[in-house]
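Right, one structure below, let's go through it.
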Amino acid sequence: MIISSRHLMYAVTGALATASVAAAIHTELPPSISEVDVIIAGGGTAGSVIASRLAEASQELSILVIEQGGDSFNVTNVIYPALFERNTLPGSNTALFWKANRSPQLAGREPIVETGGILGGGSSINWMVYTRGQWDDFD
């Protein structure tokens with residue numbers, strides 16, 4: 001299942017003087033915006049940090065963050081830790097599921113890879129739980 005909608009988050013950096021970033025969620029750029037200085041693909045953890053750091057470095061920059069998933073504001077599965085497993089269910093609107101290529105190392109199977117499909121990316125849906133490979137995987 002791949003969520004096809006695209007959401008654009010345009011961070012207006014002029015508001016940084018008040019120590020907060022003014023941002024708006026749009027499904028298309030407003031007509032008043034014809035160009036931006038920086039485009040960041042992905043509103044996950046890394047993309048959000050990069051946008052924030054650029055905005056802090058220069059209030060003159062206009063920054064566009066493009067995220068395929070939706071807004072994470074008031075999403076129950078994101079707010080309540082006990083519900084984080086709902087993000088991995090088929091039909092979830094907070095995750096994207098990608099089918100990887102067949103691999104002989106996996107006996108010809110096609111693994112399903114779950115990624116965050118929401119602002120904040122994987123960190124919004126997995127409560128910062130991560131998987132570390134076995135030592136044999138790297139030997």
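The values are calculated or read from the model by the stated rules, or taken from the named source; none is laboratory data. Note that the coordinates shown come from a computational prediction; the quantities given were computed from them, not determined experimentally. Note that we place each Cβ from the backbone using ideal geometry, even for glycine, and neighbour counts take in every protein chain shown.
Among the residues of the stretch 102-121, those identified as of a type in the set (A, V, I, L, M, F, W, C) and either in a strand (DSSP E or B) or surrounded by 14 or more Cβ atoms within 10 Å (Cβ to Cβ) (or both) are Ile112, Val113, Ile118, Leu119. Among the residues making up the stretch 84-101, those that are outside any strand (DSSP E or B), touching a strand residue (DSSP E or B) at 6+ places or on another chain (Cβ under 8 Å) and in contact (Cβ under 8 Å) with a residue 60 or more places away in the chain are Pro90, Asn93. List every residue pair whose Cβ atoms lie under 6 Å apart, where the two residues are 6 or more positions apart in sequence or sit on different chains, the first residue falls within the stretch 65-83 and is within 13 Å of Asn126 (Cα to Cα), and the second residue, located anywhere, is among the polar types (S, T, N, Q) and in a loop (DSSP other than H, G, I, E, B). Qualifying pairs under 6 Å: Asn77/Thr94; Val78/Ser72. Looking only at the stretch 24-56, residues that are buried (at least 16 other Cβ atoms within 10 Å of the Cβ) and at pLDDT below 85 come to 0 in all.
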